[in-house]
Structures are given as structure tokens and as C-alpha cells.
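Reading through the C-alpha cells given below for one structure.
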Amino acid sequence: MTYQFSSRKRRPEKTLPVSLAEPESTAREGHWNHAAKRDLLEQISNFLLHHDLPLDARNLSFAHTIFSGDDLSLTRKVVDREEAGEAICQHWLEQVAQEHAETKRDDPSLERVIDQIERAVVSFADTTAAAQSENDEAQDAMQKHVDEANIGGISAEQVLKLSGAVLTTLNRIEKSMQRSQDETLHLRAQLDKARIEANCDHLTGLPNRRAFEQTLEQFHRQAVANSEPLFVAICDVDKFKRINDTFGHEAGDRMLRAIAGVLQRYASPDCFVARHGGEEFIMLIRKQTAQEAFDCLDLARRELAARKFVARRNKQAIGKVTFSAGIADVFASENPREALAAADAALYRAKNEGRNRIIQAG
């Protein structure tokens, strides 16, 4: 088999004459992108040919997701099936794709936020339309009074009447515009809240996968621009299924919150921590050497391993809860997606070598 899931080392860069060279960061990114595309295409084609799968759009898309690192859960399913010696056939692929589509449906909480925003937008539009309508009516009324005043002479009583009508109209417009302003402020607050909720994992309080994707792009862009190191680490709770099966999902959720709390203590502007899904957490560490990034993660691992947990429901000892992790240098791979795949491969090694440990990719 010629395809592989682990990352590849960066190819040597061709040296251009100084007068023709692009800025170093731009040239480096362009070279990585070209090499990454070529390697990704090779892996996709080799995978489909090796398993004798049809070269249709659906299979190409599935294979792209596996090898690009866009969804590590899919990659892991394929790796597990191959390691088990089971066939990867069209029927299995379609079954996995269907299951994946079901699990990828929008989170109900996010749907609820979107509904709230839509209702606020509709309310704001109604208020603005009402204010516009009142403004039009006011202009018509004022024009009518002006027209009446222009016909013949105008008495003091008529002047007072016209002034009163103008003041009444202006007050009505002011109130309508105030309602519009209040709706605007309310909508802005809802949008801010929605932005936070859309990026938050509600079980642990950590940023979620969506927030991680945004931060990965931001950190990578800044690291390239400033020539800073950047590392990505994937952490997975050891034997988490046993905790759920033995002590219940409530205990499992509490373990996830506890692990999130431990990892969160190491978060900073240069260390981003998120829940990647299930029992998996992910970290981005920048401006640190390889050893410093490793030590930061290992401190969290040892802190968690030193704690002993008890099930609240029956006071039964859960014991020690640990995690395994893989950590990868983002710039040792062709692109951030391959660095994620490298960290995931290192995580697998950590699991296979006994768990409760961290493995450096490479």
C-alpha cells in the first residue's frame, strides 16, 4: 500500500536569485501548498485504486476528507478498519458516510440561536418599517398644513394649531426612532451572544471545534508572518468508554469537565485549548520551543493523573483518569491539516504504547 496517514517532512526549498525571490513567508507557503496538493492527490488516488472503489464524486470527496485532515474521526475509522484487516468496500463507505452526515447535523443549540437572531431581525425590520410609515404620515400631515396656510391668510389660531401638529408629529417620530434604536442595540447584543454560543462547547465551557478551526487559521497566519514556532496537540481520554459504561454518562460528563478544567489552567493568549469532540481535546501552542510545548502539555497530563475521582451517585471509586496525547510541529508538515494528522498518528502511538503519555510526532 503506497498511501499513508502520517505527515511527511518538508521538502527542500529551491533557492531563487535575490532579485527574483518572493518574500520568504509567501514563497514558503506557496511551495508547501503545491507539494501538499500533489501528495494529497496521490494519496486519494492510491486509496481508491487499492480498495478498487469507483472514481466517482462521492468517493473522491470522502477520500479527500480522510487524507486532508478535515475530519480526524473519519480518518480514524478508516485506520481502525484497516488495522483490523477488514475490507473497505463501497457498502461500508456509504454506511460510514451516512453515519457521518447524521452526526454532522447542526447542533440544536446553534439552531436555537439562529432562530432567535431571525426573530430579532424580523422584529427590527417591522419596527423600522413602522417608523418609516409614521415618518411618511407626518410629512403628509405637515404638507397638508402648509398647503392650508398658503391658501389665503392665516390666523394666530391656525398658527398655533399648525405648531401643535408639528410638535405632536415630531414626538411620534422620535419615539418610533427610539424603538428602532433599542431594537438595534438588542439585535447587536443577541449577535454578540450568538457569536459566543456558536463557538462554545456547552458541556465543558471550552471553545468548540468551530472556534478551533478559526484559531488554527489565525495562529498559523501569525506564526508564518512572525516566523514563530507553532505546535498542535490532540488529547484523548484513556478508556473513557469504560467510565461511561461502569459509572454512567453523568460521571463521564463530569470527567470531561474536570479534564477541561485542568487543560484550561494552561490556556493563555499563546496557548489555545478547545474540545474537539467526544472525549478529545486539542491545543495550539505558539511562541514556545518543542520542549516547552511538550512540557506544558505534560504538566497538564501529570496534574490530571495525580487526581482520584469518586462517582457521586454511589460514592464508588472511579480512580485515576488519564489522557494520552500526540503533539506535532505545524511547520514540520506541509500544511496545518497534515500537522493535525501527524498529531493524531502520534496520539495513536501513545495509546498503543500504554496510554497516559505524550508522543512527539516525527
Estimated inter-spin distance, ASP52 and ALA84, nm [label 7 Å along Cα→Cβ]: 2.1 nm
Probe 1.4 Å, all protein chains present, accessible-area order of CYS296, CYS89, CYS271, largest first: CYS89, CYS296, CYS271
What nm value, rounded to one decimal, do you get for the distance between HIS91 and ALA311 when each label is placed 7 Å out toward the C-beta? 3.9 nm
Once you list every other residue whose beta carbon is under 11 Å from the beta carbon of HIS276, what net charge do they have if Lys and Arg are +1 and Asp and Glu are -1? -4
Computed over segment 286-362, the distribution of all Cα-Cα distances in 5 Å bins, rounded to whole %, is 3, 16, 19, 21, 16, 10, 7, 5, 3, 1, 0
What is the Å³ per residue value for the convex hull set by the Cα atoms of segment 203-346? 97 Å³
Checking the table LYS241/LYS315; LYS239/LYS315; LYS315/LYS351; LYS287/LYS308; LYS37/LYS239; LYS77/LYS320 against a 31 Å threshold on Cα-Cα, which pairs fail? LYS287/LYS308; LYS37/LYS239
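With every protein chain kept in the model, how would you rank GLU82, GLU292 by accessible area, 1.4 Å probe, largest at the top? Don't skip to the end; give the middle numbers.
Values: GLU82 50, GLU292 85 Å².
These residues rank, largest area first, as GLU292, GLU82.
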How would LEU41, LEU206 line up by accessible area, probe 1.4 Å, largest first? LEU41, LEU206
Under a plain spin-label model, where a point goes 7 Å from the Cα along Cα-to-Cβ, how far apart in nm are GLN98 and HIS249? 2.3 nm
Suppose R0 equals 45 Å. What FRET efficiency, 1/(1 + (r/R0)^6) with r the Cβ-Cβ distance, do ARG210 and ARG172 give to the nearest 0.05? 0.50
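The values are calculated or read from the model by the stated rules, or taken from the named source; none is laboratory data. Since this is a predicted model, take the numbers as computed values, not measurements. Glycine also receives a Cβ, built like all others from the backbone with ideal geometry; neighbour counts cover every protein chain displayed. Just the protein is used for accessible areas: all its heavy atoms, side chains included, with ligands, DNA and RNA removed. Shrake-Rupley method; radii C 1.70, N 1.55, O 1.52, S 1.80 Å.
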